[in-house]
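Data block below; observations after.
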Amino acid sequence: MLARSWSLLGVNAEIFDEVQSNNMSLRQTHASFLSFLEGRSVRIGNFFELRATAHLPFYATILVRQRDATFDSDSGEVLNVSLPTDHSGLNKFASRYTPGYYQIRNALVDILQDTYDMDAEAARMRYVVPFTTSEAFTDRLTLTAQLEHAMDKSHSIHVRKYAAAITSAGAMGKTQLALNFAEKHRDDYDTVLWIDASSAASVKTSFSRCCQALDMPSAIRGDYTANLGSSPEVTALLVWLESRTAPDQAWLMIVDNADDFGWGIRDVMLRLSPLTRGTVVVTSRNEHCTDLLSDMPIMMTVESMSDHEALDLLLHACRWSGHRHGNSTQIQSPESNSVASETLELVDHERNKSSNMKHEREVIEIAGDICYRLDNYPLAIDLAAANIRNASKRTSMFEAMAQYYLDYSRHRDDLLINEEFHSLSSSRQSVWTVWDTSFASISEMTSGFKCPPMNLLCMLSIFDSSAIQRETFEQASAGCKEVCEQLKPGASDTLPSWLRCLLGVDSNGKWDDCWYRRCMAVLERYHLVQGHVADRDGHTMHSMIQWRTSMDCQDPIWMQWYVIFMASACYNAASASEDISVRPLLLAHVPTKYIRPALASFSVTGIDFVYLHIGKVWELEGGYPEARHHYLQITRYINPALVSSLELSIEQRFYNLNLYLAGISRLASVHIKMCNFPRARSLLEQLLSYYLEEWGPTHSSTLHTQLNLGQCLLASKDYANALDLIYEAHEGFQSVSGESDVETVASGVSSAAALREVGSYDAASAYGRKMVELRTRTLGPKHSDTLDAMSEVAITYTRQGRLVEATEIAEEVYKLQETVSPFALKSATRLATLYHSQNRFAEAEAIGNTVLTDTDRLLRQRQSRDSAMAIVELGCLLIESKHGEPLLLRARAMLVLMGNIGGDLYTEIDAALDRRRARLRREASEQS
């Protein structure tokens, strides 16, 4: 009744029934709480009052007795604390001196201190990682986020294993990435273990260290001669991990440098696979390390740093802060109360601030240059920073960096080999030694290969490392036999057996790429080469790996083999007309300055045979200055004395003569394409005179020279003489080789062009259509020669005013283009011109947009002056549109890349741009 009377005061009277000492609900709550705590490590503090409330004398009748207010448990983790106060004193204190305050405070502090000591001890015992991240560690956010995502257990509600494999070449930052993850997430795991898997001994040492930290003394002193899987320390730790099954017993193991699987590490890792509470991260140079893990592990590849990351690493490792000068203290003088004094202080401060900012920019710029020279390779940057840091003790940071940059330019090999500062890097290795493990593993693993992968790697180190294409090897395979025969007739040892094996052909004469694929697979597995991002069959090589490998192939014989290899590829590419897309790929790798020194042991004619076909590839791809250089080598070294030497056989003298004359003919062809018509005409007239006198008017060489001379005169606008020579050559080819012969048709196309230039349009169009039919029948509708003949007909129709017919042919030619080439650009320009002349401006601008996109690719490879001329013509045509100016600027860039061979094209470009800009200024003035 007393309790019910409390309801008059707004109090829930039923609460008094719930706290009675014998209340069943209270006892059930007590029992449930004890059941929940079973097996858990929990500290409990229980506080209760000893006095009844002073102002409520009847309170004693409902006061909970002490035995019911205390916590009943057998656990030693329960602390019952009685307070000399009534109920209000349990949680309300007038001040810190109120009775009971210090008792509660001190009890809580004791519990917290005990808990802290226990947690600290557990952390010390269960975080078994022998080192920390490098002082200059630079977080690579993309990789870190990728690893975080792979290890994020929130992705699944199911219990499962988590595993990640981090692979890369040596010293790219795998270990630091894994170490950073362990440090950031040490509180997410009950136990974190680090295993050095670089050798069997290091694995046993790591397991022993873990056993010691986990208080397994019986397993610490193991037999280091025993098999890895049966050693006591390994067995003990694996058994301990198997026992970790509770939800709060998750563990992380990082297995670092698991490059070699031959000494038992695989068996140890397989025993970890069934354990559901574990997370395993493996770092390795061998991408097959995923075989050590189960359940489809996440695989991450660590590439070179980005420019920003590399710069951040260098500046951090140099211990330089770009803000330390900017934070200098302002000068404050007690006497400087006048406005003039304050103004002087402000000016001085701004001057110092500007000077400091300039200094910071200079340091950052030189640091960026250093990172670029080191190809953003983390180890090389780390070692460079140690060198710079040491030098900066005696000079400024900028001067130390500038000196290192200069030293690297002059003494790269010495700096990269030097081990003076390697102990200061996180990997404790130099750029010279860091790949030794990978090289040794590959050599041991492939000791029985007919073509050792390390030999292929040495060959690749001579390539342009940014683009190594499979097609290059295919072309070299096809041309190897002929080039070797020209260099050393009848010999079978011009190339070593392993390279002959690599370039071998099958029974059908096609390249057998089996050994190429096998070797590349091994090199890719160890990240010594990587797949090319844009080319599915291409590869790239980091410049530091290229440098290290090149140091193992300093013998001149390697350059000899490489020159023969590239000459073979160029020979086949220049001779085969079906696939022209491979030719630009070869030019990046041609070792022009090494050809004669590398082939010094071979005959002059063999060397000039190489010059001739490499020159052809340059000419076909628009590299006219380079082609001219190669052709000049032939005329320089095969002189009349060599051609007429009685010491040579008649066959050899005849061969030398043909090679000499071919060099002159090709040289004249290049002069035509470079618009040097007088020089080309002089050379061709000398050749024609010789051929007429020695071999007669119907010899194929005579007819070819006559046709080339006619085309030279046609290009120089001497139309009348050009028509006579070309038509005479055409009739000669037709009488000797027949109407459908390739040379007959080629001369017929030239005849049609000459007829057009002298105004005979009907005859030119009839002749042109006939040549198109012949080429379509013999070569096919998509062949470049067929398309060329069709374009000539379209030009003739345009001159006749038959614009609709001309447009139809030009559209067909444009659609049939399959590659970006000078001819394709001329076809696009011709079609755009036809559209423009018929007021079809939108279609003309669409072509301009397409060409503008294609020129992005053209700027990445050598192109001809013809390409630039076509783009200039198109840019001038569309100068009033948004595409005109960008096209002209791209054409100028191409001309500069080709060695400033623009000549009058520069004037044409500038004039068109000036007209456009003058119009824009005029329009702006009128609007204002």
Work out the length of the dipole vector of the range 125-301 about its Cα centre, built from +1 on the beta-carbon of each Lys and Arg and -1 on the beta-carbon of each Asp and Glu, and round it to the nearest 20 debye. 160 debye
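Of the trypsin sites (Lys or Arg not before Pro) in the range 358-395, which ones lie in a loop per DSSP and count no more than 13 other C-beta atoms within 10 Å? Don't skip to the answer; put the middle values down first.
On the way: sites: Lys358, Arg361, Arg373, Arg389, Lys393, Arg394; in loops: Lys393, Arg394.
For trypsin sites (Lys or Arg not before Pro) across the range 358-395 that sit outside H, G, I, E and B with at most 13 neighbouring Cβ atoms in 10 Å, the list reads Lys393, Arg394.
If we count every other residue with Cβ under 9 angstrom of Ala764's Cβ, Lys/Arg +1 and Asp/Glu -1, where does the sum land?
Every neighbour counted, the sum reads -1.
Counting Lys +1, Arg +1, Asp -1, Glu -1, what net charge surrounds Ala258 among other residues with beta carbon under 12 Å of its beta carbon?
Details: positive: Lys174, Arg266, Arg285; negative: Asp196, Asp256, Asp259, Asp260, Glu287, Asp291.
Once all neighbours under 12 Å are counted, the net charge is -3.
Given the convex hull of the Cα atoms of the range 362-404, what is a quarter of its surface area in nm²? Before the final figure, lay out each step's value.
Values: hull surface 10.1 nm².
So the Cα hull casts an average projection of 2.5 nm².
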Regarding the range 665-711, what is the average projected area of its C-alpha convex hull, in nm²? 2.7 nm²
Accessible-area order (highest first, 1.4 angstrom probe) of the listed residues Met357, Met172: Met357, Met172
Cut-off under 5 Å, modelled amide H: who pairs with Leu252 long-range: Thr191, Val192, Leu193, Thr279
When only alpha-carbon atoms count, how far does the range 738-821 stretch along each of its three principal axes, as whole angstroms with the largest first? 31, 29, 20
For Glu873 the rounded accessible area (nearest 10 Å², probe 1.4 Å, non-protein molecules ignored) is 100 Å²
Amide H contacts of Met299 (H built 1.01 Å from N, under 5 Å, at least 5 apart or other chain): Ala165
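Which of the GluC sites (Glu not before Pro) across the range 789-824 are loop residues per DSSP, with 12 or fewer other Cβ within 10 Å? Mind dumping the intermediate values first?
Working: sites: Glu792, Glu805, Glu808, Glu811, Glu812, Glu818; in loops: Glu818.
Of the GluC sites (Glu not before Pro), the ones in loops of the range 789-824 whose Cβ has at most 12 other Cβ atoms within 10 Å are Glu818.
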Sorting Trp194, Trp511 on solvent-accessible surface, 1.4 Å probe, most exposed first, gives Trp511, Trp194
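Using only C-alpha atoms and all pairs of different ones, pull out the Kirkwood radius for the range 125-301 in Å with one decimal. Could the numbers behind the result be given before it?
On the way: mean 1/r = 0.0613 Å⁻¹.
16.3 Å is the Kirkwood radius here.
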Starting from the Cα-Cα distance between Asn676 and Glu362, subtract it from 0.36 nm times their residue separation and give me the gain in nm to one decimal. 108.4 nm
Return P(r) of the range 678-740 (all Cα-Cα pairs; 10 Å bins starting at 0; whole %; ordered from short to long distances). 25, 52, 22, 1
What's log10 of I(q)/I(0) for the range 778-840 at q = 0.17, 0.25, 0.30 Å⁻¹, Debye sum over Cα points only, no solvent? -0.51, -1.03, -1.35
Of Lys770/Lys826; Lys673/Lys782; Lys174/Lys450, which ones are farther than 28 Å apart at the Cα? Lys174/Lys450
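Given axes a ≥ b ≥ c from the Cα gyration tensor, I'd like to know whether the range 373-445 is rounded (a/c under 1.5), prolate (a/b larger than b/c) or oblate. Please report the intermediate quantities before stating the final value.
On the way: a/c = 2.90, a/b = 2.15, b/c = 1.35.
Taking the square roots of the gyration eigenvalues as a ≥ b ≥ c, the range 373-445 is prolate.
Got a number for carbon plus sulfur as a percent of the range 729-860's accessible area, 1.4 Å probe? Walk me through the intermediate numbers first.
On the way: 2950 of 5920 Å².
Carbon and sulfur together cover 50 percent of it.
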Please compute the length gained on full extension between Glu420 and Ala246, using 0.36 nm multiplied by the number of residues separating them and subtracting their Cα-Cα distance. 57.6 nm
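Looking at the range 659-733, which chymotrypsin sites (Phe, Trp or Tyr not before Pro) are in a loop (DSSP not H, G, I, E or B) and have at most 16 other Cβ atoms within 10 Å? Please list the in-between numbers first.
Details: sites: Tyr660, Tyr690, Tyr691, Trp695, Tyr719, Tyr727, Phe733; in loops: Trp695.
Answer in residue order: Trp695.
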Which whole-Hz couplings ³J(HN,Hα) result when phi for each residue of the range 491-504 is put into the Karplus expression 6.51 cos²θ - 1.76 cosθ + 1.60, θ = phi - 60°, listed in order with x for Gly and Pro? 8, 10, 10, 4, 10, x, 4, 5, 6, 4, 5, 5, 9, x
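Quick one: accessible area per residue over the range 721-865, 1.4 Å probe, rounded to a whole number of Å²?
Numbers: 6510 Å² over 145 residues.
Result: 45 Å² per residue.
The values are calculated or read from the model by the stated rules, or taken from the named source; none is laboratory data. The structure presented is a predicted model; accordingly, all values stated were derived computationally and were not measured. Neighbour counts are summed over all protein chains in view; Cβ atoms, including those assigned to glycine, are modelled from backbone coordinates with ideal geometry. Heads up: the accessible areas ignore ligands, DNA and RNA and are worked out on the full protein's heavy atoms, side chains in. Shrake-Rupley method; radii C 1.70, N 1.55, O 1.52, S 1.80 Å.
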